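Read through the structure below, which is laid out as C-alpha coordinates, and then see the notes.
The values are calculated or read from the model by the stated rules, or taken from the named source; none is laboratory data. All of these numbers come straight from a predicted model, not from anything done at the bench. Cβ placement follows ideal geometry from the backbone for every residue including glycine, while neighbour counts extend to all protein chains displayed. When the accessible area is computed, the model is the full protein with side chains, heavy atoms only, and any ligands, DNA or RNA have been set aside. Shrake-Rupley method; radii C 1.70, N 1.55, O 1.52, S 1.80 Å.
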Amino acid sequence: MTVESTMAKRHTSIIGGNACRNRSHNRRVVLDFVRANEPAGRAEIARSCGLSVQAVSNIIESLEHDGLLQADGHRLGARGKPALQYRFDPDRAFSVGVELRPDVAMCALINLSGEMIFWEQSELADASLSCAIEAVSNLVNRAISASGRDQKSWLGTGIVMPGPFGVSEISFAGGTSLPGWDNVDIRRVFSEALGCEVIVENDATAAAISERMSGVARGLDSFCFVYFGTGLGLGVISGGHAQGGAMGNAGEIGHVITASGGLSCACGNRGCLEMYASRASALRYLSDSGVAAANGNDLSALLRENSPVLSSWLDRAAEHLSRAIGMVENLLDPEAVILGGVMPEPIVAALVARLDLPRGSVSNRKDRTIARVLQGSSGRHTAAMGGAAMIVHQTITPSITVYS
Ligand SMILES: [Zn+2]
(Lines give C-alpha, C1' and ligand atoms only; values in the text may rest on other atoms or scores of the structure.)
Protein backbone atom coordinates (compact mmCIF):
# COMPACT_ATOMS: atom_id res chain seq x y z
CA MET A 1 0.00 0.00 0.00
CA THR A 2 1.55 3.25 -1.02
CA VAL A 3 0.44 6.79 -1.56
CA GLU A 4 2.61 7.23 -4.66
CA SER A 5 -0.22 7.15 -7.16
CA THR A 6 -2.11 9.79 -5.21
CA MET A 7 1.01 11.90 -5.03
CA ALA A 8 1.78 11.50 -8.70
CA LYS A 9 -1.70 12.69 -9.54
CA ARG A 10 -1.54 15.63 -7.24
CA HIS A 11 1.88 17.18 -7.35
CA THR A 12 1.16 19.01 -10.58
CA SER A 13 -1.62 21.03 -9.02
CA ILE A 14 0.19 21.87 -5.83
CA ILE A 15 2.95 24.41 -6.04
CA GLY A 16 5.02 26.10 -3.44
CA GLY A 17 5.42 29.84 -3.02
CA ASN A 18 8.68 31.79 -2.92
CA ALA A 19 6.97 34.72 -1.26
CA CYS A 20 7.00 32.87 2.01
CA ARG A 21 3.57 31.19 1.90
CA ASN A 22 5.32 29.34 4.59
CA ARG A 23 8.37 27.27 4.92
CA SER A 24 6.71 24.12 6.17
CA HIS A 25 4.28 24.10 3.25
CA ASN A 26 7.16 24.40 0.76
CA ARG A 27 9.03 21.68 2.57
CA ARG A 28 6.10 19.32 2.16
CA VAL A 29 5.68 20.31 -1.50
CA VAL A 30 9.32 19.41 -2.21
CA LEU A 31 9.10 16.13 -0.31
CA ASP A 32 5.85 15.26 -2.06
CA PHE A 33 7.40 15.87 -5.48
CA VAL A 34 10.48 13.76 -4.75
CA ARG A 35 8.33 10.90 -3.44
CA ALA A 36 6.40 10.80 -6.72
CA ASN A 37 9.33 11.47 -9.06
CA GLU A 38 12.52 10.16 -7.45
CA PRO A 39 15.36 10.44 -8.13
CA ALA A 40 15.12 14.17 -8.72
CA GLY A 41 17.65 17.01 -8.89
CA ARG A 42 17.38 20.55 -7.49
CA ALA A 43 16.69 22.31 -10.79
CA GLU A 44 13.94 19.83 -11.71
CA ILE A 45 12.34 20.15 -8.27
CA ALA A 46 12.50 23.96 -8.40
CA ARG A 47 10.94 24.05 -11.87
CA SER A 48 8.13 21.64 -11.03
CA CYS A 49 7.31 23.07 -7.61
CA GLY A 50 7.41 26.74 -8.61
CA LEU A 51 10.25 27.53 -6.21
CA SER A 52 13.67 29.15 -6.68
CA VAL A 53 16.69 26.85 -6.83
CA GLN A 54 18.02 28.61 -3.74
CA ALA A 55 14.79 27.93 -1.82
CA VAL A 56 14.88 24.28 -2.91
CA SER A 57 18.54 24.01 -1.83
CA ASN A 58 17.67 25.30 1.63
CA ILE A 59 14.71 22.94 1.95
CA ILE A 60 16.74 19.93 0.75
CA GLU A 61 19.42 20.75 3.30
CA SER A 62 16.82 20.69 6.06
CA LEU A 63 15.20 17.47 4.75
CA GLU A 64 18.61 15.80 4.51
CA HIS A 65 19.34 16.91 8.03
CA ASP A 66 16.11 15.23 9.17
CA GLY A 67 16.95 12.13 7.15
CA LEU A 68 13.82 12.31 4.97
CA LEU A 69 15.80 12.81 1.75
CA GLN A 70 19.13 11.33 0.80
CA ALA A 71 21.57 12.05 -2.04
CA ASP A 72 21.65 9.30 -4.64
CA GLY A 73 24.51 10.00 -7.08
CA HIS A 74 24.62 12.23 -10.14
CA ARG A 75 22.63 12.11 -13.34
CA LEU A 76 23.63 13.76 -16.60
CA GLY A 77 21.15 16.47 -17.54
CA ALA A 78 20.42 17.91 -21.00
CA ARG A 79 23.30 20.31 -20.53
CA GLY A 80 25.81 21.37 -17.95
CA LYS A 81 27.43 19.23 -15.33
CA PRO A 82 25.69 16.14 -13.89
CA ALA A 83 23.11 17.07 -11.24
CA LEU A 84 23.07 15.52 -7.79
CA GLN A 85 19.90 13.41 -7.38
CA TYR A 86 17.78 12.91 -4.27
CA ARG A 87 15.60 10.08 -3.06
CA PHE A 88 12.90 9.80 -0.43
CA ASP A 89 13.47 7.30 2.37
CA PRO A 90 10.06 5.92 3.46
CA ASP A 91 11.56 3.99 6.35
CA ARG A 92 13.35 6.96 7.84
CA ALA A 93 10.39 7.65 10.13
CA PHE A 94 7.14 6.07 11.19
CA SER A 95 3.88 6.88 12.88
CA VAL A 96 1.42 4.92 14.97
CA GLY A 97 -2.37 4.91 14.88
CA VAL A 98 -4.58 3.52 17.62
CA GLU A 99 -8.31 2.94 17.29
CA LEU A 100 -10.01 2.86 20.67
CA ARG A 101 -13.41 1.29 21.14
CA PRO A 102 -15.16 0.52 24.44
CA ASP A 103 -13.94 -3.09 24.36
CA VAL A 104 -10.76 -3.11 22.27
CA ALA A 105 -7.69 -1.07 21.22
CA MET A 106 -6.23 -1.64 17.73
CA CYS A 107 -2.78 -0.44 16.80
CA ALA A 108 -1.12 0.08 13.39
CA LEU A 109 2.44 1.23 12.73
CA ILE A 110 3.09 2.61 9.23
CA ASN A 111 6.09 3.99 7.38
CA LEU A 112 6.09 7.25 5.42
CA SER A 113 4.63 5.55 2.34
CA GLY A 114 1.62 4.31 4.28
CA GLU A 115 2.78 0.68 4.33
CA MET A 116 1.56 -1.15 7.41
CA ILE A 117 4.60 -2.53 9.26
CA PHE A 118 2.84 -3.79 12.39
CA TRP A 119 -0.70 -4.54 13.49
CA GLU A 120 -2.05 -5.81 16.79
CA GLN A 121 -5.17 -5.50 18.85
CA SER A 122 -5.77 -5.87 22.54
CA GLU A 123 -9.02 -6.47 24.44
CA LEU A 124 -9.84 -3.85 27.08
CA ALA A 125 -10.95 -5.07 30.51
CA ASP A 126 -13.27 -2.06 30.68
CA ALA A 127 -13.83 1.27 28.95
CA SER A 128 -12.20 3.37 31.69
CA LEU A 129 -9.55 5.92 30.85
CA SER A 130 -6.89 4.28 33.03
CA CYS A 131 -7.46 0.90 31.39
CA ALA A 132 -7.25 2.45 27.92
CA ILE A 133 -4.06 4.37 28.74
CA GLU A 134 -2.35 1.24 29.99
CA ALA A 135 -3.46 -0.86 27.00
CA VAL A 136 -2.49 1.80 24.47
CA SER A 137 0.93 2.36 26.08
CA ASN A 138 1.63 -1.39 26.01
CA LEU A 139 0.45 -1.74 22.41
CA VAL A 140 2.47 1.21 21.15
CA ASN A 141 5.64 0.08 22.92
CA ARG A 142 5.20 -3.42 21.49
CA ALA A 143 4.60 -2.01 18.00
CA ILE A 144 7.80 -0.01 18.09
CA SER A 145 9.99 -2.78 19.50
CA ALA A 146 8.48 -5.55 17.32
CA SER A 147 9.00 -3.51 14.17
CA GLY A 148 12.61 -2.75 15.14
CA ARG A 149 12.14 0.99 14.80
CA ASP A 150 14.12 3.65 16.60
CA GLN A 151 12.04 5.80 18.97
CA LYS A 152 13.86 8.85 17.58
CA SER A 153 12.09 8.43 14.22
CA TRP A 154 8.61 8.27 15.79
CA LEU A 155 6.60 11.16 14.38
CA GLY A 156 3.66 10.78 16.71
CA THR A 157 0.44 8.89 17.34
CA GLY A 158 -3.07 9.34 16.00
CA ILE A 159 -5.71 8.30 18.54
CA VAL A 160 -8.98 7.41 16.85
CA MET A 161 -12.20 7.15 18.82
CA PRO A 162 -15.92 6.98 18.26
CA GLY A 163 -17.51 10.41 18.47
CA PRO A 164 -19.17 12.61 19.26
CA PHE A 165 -16.89 14.49 21.62
CA GLY A 166 -18.16 16.64 24.47
CA VAL A 167 -21.90 16.21 23.81
CA SER A 168 -23.63 15.19 27.00
CA GLU A 169 -26.81 13.87 25.37
CA ILE A 170 -25.52 11.49 22.75
CA SER A 171 -22.03 10.69 23.99
CA PHE A 172 -23.70 8.08 26.14
CA ALA A 173 -25.64 6.59 23.27
CA GLY A 174 -25.99 2.94 24.13
CA GLY A 175 -22.41 1.99 24.81
CA THR A 176 -21.27 2.89 21.32
CA SER A 177 -19.03 5.68 22.55
CA LEU A 178 -16.64 5.92 25.48
CA PRO A 179 -18.59 6.84 28.61
CA GLY A 180 -17.07 9.11 31.20
CA TRP A 181 -14.44 10.60 28.89
CA ASP A 182 -16.28 13.81 28.18
CA ASN A 183 -14.29 16.16 30.32
CA VAL A 184 -10.93 14.63 29.56
CA ASP A 185 -8.32 16.40 27.42
CA ILE A 186 -7.65 13.20 25.51
CA ARG A 187 -4.85 14.63 23.40
CA ARG A 188 -2.91 15.84 26.43
CA VAL A 189 -3.50 12.68 28.46
CA PHE A 190 -2.20 10.38 25.71
CA SER A 191 0.61 12.73 24.74
CA GLU A 192 1.88 12.62 28.33
CA ALA A 193 1.41 8.87 28.63
CA LEU A 194 3.15 8.08 25.34
CA GLY A 195 5.71 10.88 25.34
CA CYS A 196 4.99 11.88 21.75
CA GLU A 197 2.85 14.23 19.70
CA VAL A 198 -0.78 13.07 19.57
CA ILE A 199 -3.69 13.87 17.27
CA VAL A 200 -7.23 12.81 18.25
CA GLU A 201 -9.80 12.14 15.54
CA ASN A 202 -13.14 10.39 15.25
CA ASP A 203 -13.05 6.95 13.64
CA ALA A 204 -15.07 7.82 10.53
CA THR A 205 -12.87 10.77 9.53
CA ALA A 206 -9.69 8.77 10.16
CA ALA A 207 -11.08 5.94 8.03
CA ALA A 208 -11.82 8.38 5.22
CA ILE A 209 -8.25 9.71 5.35
CA SER A 210 -6.85 6.17 5.31
CA GLU A 211 -9.00 5.22 2.35
CA ARG A 212 -7.76 8.27 0.45
CA MET A 213 -4.13 7.54 1.26
CA SER A 214 -4.10 3.90 0.23
CA GLY A 215 -7.59 2.64 -0.56
CA VAL A 216 -10.51 3.05 -2.94
CA ALA A 217 -10.68 6.84 -2.42
CA ARG A 218 -7.26 7.41 -4.03
CA GLY A 219 -7.68 10.30 -6.44
CA LEU A 220 -11.00 11.46 -4.93
CA ASP A 221 -11.21 14.99 -3.50
CA SER A 222 -14.80 14.93 -2.25
CA PHE A 223 -16.29 11.78 -0.80
CA CYS A 224 -17.96 10.40 2.32
CA PHE A 225 -17.13 7.29 4.33
CA VAL A 226 -19.91 5.53 6.24
CA TYR A 227 -17.94 3.88 9.04
CA PHE A 228 -19.27 0.81 10.85
CA GLY A 229 -17.51 1.07 14.20
CA THR A 230 -19.21 0.35 17.45
CA GLY A 231 -21.96 2.60 16.14
CA LEU A 232 -22.13 4.34 12.79
CA GLY A 233 -20.23 7.47 11.71
CA LEU A 234 -19.67 9.52 8.57
CA GLY A 235 -16.28 10.88 7.51
CA VAL A 236 -16.64 13.81 5.12
CA ILE A 237 -13.84 14.93 2.81
CA SER A 238 -14.74 17.92 0.69
CA GLY A 239 -12.32 19.61 -1.68
CA GLY A 240 -9.47 17.62 -0.10
CA HIS A 241 -10.34 18.80 3.40
CA ALA A 242 -11.81 16.79 6.25
CA GLN A 243 -14.94 18.53 7.51
CA GLY A 244 -15.21 18.68 11.27
CA GLY A 245 -17.91 21.26 11.91
CA ALA A 246 -17.79 23.72 14.79
CA MET A 247 -16.88 21.14 17.46
CA GLY A 248 -15.38 18.36 15.36
CA ASN A 249 -18.63 16.39 15.51
CA ALA A 250 -19.83 16.68 11.90
CA GLY A 251 -20.91 13.36 10.40
CA GLU A 252 -22.79 11.84 13.32
CA ILE A 253 -24.94 9.95 10.83
CA GLY A 254 -25.83 7.18 13.30
CA HIS A 255 -28.29 9.54 14.95
CA VAL A 256 -29.91 10.82 11.79
CA ILE A 257 -33.54 9.73 11.86
CA THR A 258 -34.53 7.39 9.03
CA ALA A 259 -37.74 6.01 10.54
CA SER A 260 -40.20 8.50 11.96
CA GLY A 261 -41.48 7.12 15.29
CA GLY A 262 -39.17 4.11 14.91
CA LEU A 263 -37.06 2.22 17.41
CA SER A 264 -35.99 4.10 20.56
CA CYS A 265 -32.33 5.05 20.58
CA ALA A 266 -30.25 5.70 23.71
CA CYS A 267 -29.68 9.26 22.44
CA GLY A 268 -33.34 10.05 23.14
CA ASN A 269 -34.50 10.09 19.51
CA ARG A 270 -36.64 7.46 17.85
CA GLY A 271 -35.78 5.86 14.52
CA CYS A 272 -32.05 6.64 14.38
CA LEU A 273 -30.15 5.02 11.48
CA GLU A 274 -27.82 3.32 13.97
CA MET A 275 -30.78 1.33 15.34
CA TYR A 276 -31.21 -0.33 11.94
CA ALA A 277 -27.80 -0.37 10.23
CA SER A 278 -24.92 -1.09 12.61
CA ARG A 279 -23.15 -4.09 14.04
CA ALA A 280 -24.98 -3.64 17.34
CA SER A 281 -28.33 -3.52 15.55
CA ALA A 282 -27.56 -6.75 13.66
CA LEU A 283 -26.63 -8.59 16.86
CA ARG A 284 -29.71 -7.24 18.64
CA TYR A 285 -32.02 -8.19 15.75
CA LEU A 286 -30.64 -11.74 15.65
CA SER A 287 -30.86 -12.12 19.41
CA ASP A 288 -34.49 -10.88 19.44
CA SER A 289 -35.24 -13.56 16.85
CA GLY A 290 -33.57 -16.27 18.91
CA VAL A 291 -30.42 -16.55 16.75
CA ALA A 292 -27.16 -16.62 18.72
CA ALA A 293 -24.51 -14.18 17.44
CA ALA A 294 -21.93 -12.37 19.53
CA ASN A 295 -19.48 -10.87 17.06
CA GLY A 296 -18.46 -10.25 13.47
CA ASN A 297 -17.32 -13.85 12.92
CA ASP A 298 -20.79 -15.07 13.88
CA LEU A 299 -22.35 -12.63 11.40
CA SER A 300 -20.06 -13.91 8.62
CA ALA A 301 -20.92 -17.52 9.47
CA LEU A 302 -24.67 -16.76 9.38
CA LEU A 303 -24.22 -15.09 5.99
CA ARG A 304 -22.45 -18.19 4.63
CA GLU A 305 -25.31 -20.34 5.94
CA ASN A 306 -27.86 -18.05 4.23
CA SER A 307 -29.56 -17.36 7.55
CA PRO A 308 -33.06 -16.03 6.77
CA VAL A 309 -33.02 -13.88 9.91
CA LEU A 310 -29.74 -12.24 8.92
CA SER A 311 -31.08 -11.81 5.41
CA SER A 312 -34.12 -10.01 6.74
CA TRP A 313 -31.89 -7.72 8.87
CA LEU A 314 -29.77 -7.00 5.76
CA ASP A 315 -32.89 -6.05 3.77
CA ARG A 316 -34.07 -3.68 6.50
CA ALA A 317 -30.58 -2.20 7.08
CA ALA A 318 -30.10 -1.62 3.35
CA GLU A 319 -33.44 0.18 3.15
CA HIS A 320 -32.44 2.62 5.91
CA LEU A 321 -28.91 3.02 4.56
CA SER A 322 -30.23 3.78 1.07
CA ARG A 323 -32.38 6.55 2.52
CA ALA A 324 -29.45 8.00 4.51
CA ILE A 325 -27.03 7.79 1.57
CA GLY A 326 -29.54 9.66 -0.58
CA MET A 327 -29.59 12.45 2.04
CA VAL A 328 -25.79 12.53 2.19
CA GLU A 329 -25.56 12.77 -1.60
CA ASN A 330 -28.02 15.62 -1.86
CA LEU A 331 -26.45 17.49 1.06
CA LEU A 332 -22.77 17.08 0.19
CA ASP A 333 -22.51 16.12 -3.51
CA PRO A 334 -19.73 13.56 -2.97
CA GLU A 335 -17.92 11.81 -5.84
CA ALA A 336 -18.80 8.55 -4.05
CA VAL A 337 -19.97 7.22 -0.70
CA ILE A 338 -17.75 4.48 0.74
CA LEU A 339 -18.95 1.82 3.19
CA GLY A 340 -16.52 0.07 5.48
CA GLY A 341 -15.04 -0.29 8.95
CA VAL A 342 -15.09 -3.11 11.46
CA MET A 343 -18.16 -4.81 10.02
CA PRO A 344 -17.07 -8.07 8.29
CA GLU A 345 -16.34 -7.37 4.63
CA PRO A 346 -18.85 -9.97 3.29
CA ILE A 347 -21.60 -8.27 5.34
CA VAL A 348 -20.67 -4.85 3.92
CA ALA A 349 -20.67 -6.37 0.43
CA ALA A 350 -24.12 -7.88 1.07
CA LEU A 351 -25.40 -4.48 2.22
CA VAL A 352 -23.93 -2.70 -0.82
CA ALA A 353 -25.56 -5.30 -3.10
CA ARG A 354 -28.97 -4.70 -1.48
CA LEU A 355 -28.91 -0.88 -1.62
CA ASP A 356 -31.71 0.71 -3.57
CA LEU A 357 -30.51 4.30 -3.86
CA PRO A 358 -33.03 7.05 -4.49
CA ARG A 359 -33.22 8.14 -8.12
CA GLY A 360 -33.81 11.73 -7.06
CA SER A 361 -30.24 12.46 -6.09
CA VAL A 362 -27.59 14.88 -7.38
CA SER A 363 -25.32 11.83 -7.57
CA ASN A 364 -27.58 10.01 -10.02
CA ARG A 365 -25.71 11.26 -13.11
CA LYS A 366 -25.26 9.68 -16.52
CA ASP A 367 -21.61 10.76 -16.74
CA ARG A 368 -20.47 8.88 -13.65
CA THR A 369 -17.19 6.97 -14.00
CA ILE A 370 -17.38 5.25 -10.61
CA ALA A 371 -20.29 3.74 -8.70
CA ARG A 372 -22.26 5.93 -6.29
CA VAL A 373 -21.37 3.55 -3.46
CA LEU A 374 -18.03 1.74 -3.08
CA GLN A 375 -16.85 -0.79 -0.52
CA GLY A 376 -13.82 0.31 1.55
CA SER A 377 -10.62 -1.65 1.04
CA SER A 378 -8.80 -1.57 4.36
CA GLY A 379 -11.35 -3.47 6.48
CA ARG A 380 -10.90 -3.36 10.22
CA HIS A 381 -7.45 -1.78 9.90
CA THR A 382 -8.80 1.33 8.26
CA ALA A 383 -9.40 3.70 11.19
CA ALA A 384 -6.17 2.90 13.06
CA MET A 385 -4.23 3.31 9.81
CA GLY A 386 -6.06 6.58 9.26
CA GLY A 387 -4.86 7.82 12.66
CA ALA A 388 -1.30 6.98 11.70
CA ALA A 389 -1.76 8.49 8.22
CA MET A 390 -2.87 11.81 9.71
CA ILE A 391 0.46 12.12 11.52
CA VAL A 392 2.41 11.31 8.34
CA HIS A 393 0.39 13.78 6.30
CA GLN A 394 0.98 16.48 8.83
CA THR A 395 4.70 15.94 8.42
CA ILE A 396 5.12 15.54 4.73
CA THR A 397 2.07 15.94 2.52
CA PRO A 398 0.53 19.18 1.31
CA SER A 399 -2.33 17.53 -0.53
CA ILE A 400 -4.55 16.54 2.38
CA THR A 401 -5.48 19.05 5.01
CA VAL A 402 -7.15 17.92 8.17
CA TYR A 403 -9.75 20.61 8.76
CA SER A 404 -9.46 23.59 6.52
ZN1 LIG B 1 -29.83 8.08 18.27
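In the frame of its principal axes, the chain has Cα extents of 78, 53, 41 Å, reported largest first. How many angstrom separate the Cα center of segment 192-265 from the Cα center of segment 266-313? Result: 22 Å between the Cα centres.
Across segment 20-63, C-alpha contacts under 8 Å between residues 6 or more apart give a mean separation that, scaled by the residue count, equals a relative contact order of 37 percent. As a length-normalised measure over Cα pairs under 8 Å and 6 or more apart, the relative contact order of segment 218-380 settles at 23 percent. This model, with +1 at the C-beta of Lys and Arg and -1 at the C-beta of Asp and Glu, gives the chain a dipole about its Cα centre of some 1420 debye. Inter-label distance, SER130 to ASN183: 1.8 nm, where each label sits 7 Å from its Cα along the C-beta direction. When the chain is treated as a Gaussian network with alpha carbon springs shorter than 10 Å, the biggest mean-square fluctuation among THR382, THR369, THR157 belongs to THR369.
What part of the accessible area of the chain, given as a whole %, is carbon or sulfur when the probe is 1.4 angstrom? It would help to have the intermediate numbers written out before the result.
Working: 8390 of 16920 Å².
Carbon plus sulfur share of accessible area: 50 percent.
Starting from the Cα gyration tensor of segment 218-380, take the square roots of the eigenvalues, sort them a ≥ b ≥ c, and report rounded, prolate or oblate (rounded when a/c is under 1.5, otherwise prolate if a/b is larger than b/c, else oblate). Verdict is prolate for segment 218-380.
Excluding ligands, DNA and RNA, what is the solvent-accessible area per residue of the chain at a probe of 1.4 Å, expressed in Å²?
Numbers: 16920 Å² over 404 residues.
For the chain, the solvent-accessible area averages 42 Å² per residue.
Using the beta-carbon distance between SER147 and ASP66 and R0 = 25 Å, what value does 1/(1 + (r/R0)^6) give for FRET efficiency, to the nearest 0.05?
Numbers: r = 20 Å, r/R0 = 0.80.
The formula returns an efficiency of 0.80 here.
Summarising the amide proton neighbourhood of ASN111: residues at separation of 5 or more, or on other chains, whose placed amide H is nearer than 5 Å comprise ILE117. Segment 85-113 and segment 143-162 have Cα centres spaced 6 Å apart. Under 5 Å between amide hydrogens, built in the peptide plane, is the criterion, and for GLY376 it picks out LEU339, GLY340 among residues at least 5 positions away or on other chains. Residues whose amide H lies under 5 Å from that of VAL198, counting only those 5 or more places away or on a different chain, are THR157; hydrogens are built 1.01 Å from N in the peptide plane.
Once you have a ≥ b ≥ c as the square roots of the Cα gyration tensor eigenvalues for segment 302-404, tell me rounded if a/c is under 1.5, and otherwise prolate or oblate according to whether a/b is larger than b/c. Before the final figure, lay out the partial values.
Details: a/c = 2.73, a/b = 1.34, b/c = 2.04.
Taking the square roots of the gyration eigenvalues as a ≥ b ≥ c, segment 302-404 is oblate.
Using alpha-carbon pairs under 8 Å, 6+ residues apart, how would you state the relative contact order of the chain in percent? Display every interim value, and only then the final one.
On the way: 836 pairs, mean separation 70.0, N = 404.
Reported as a whole number, the value is 17 percent.
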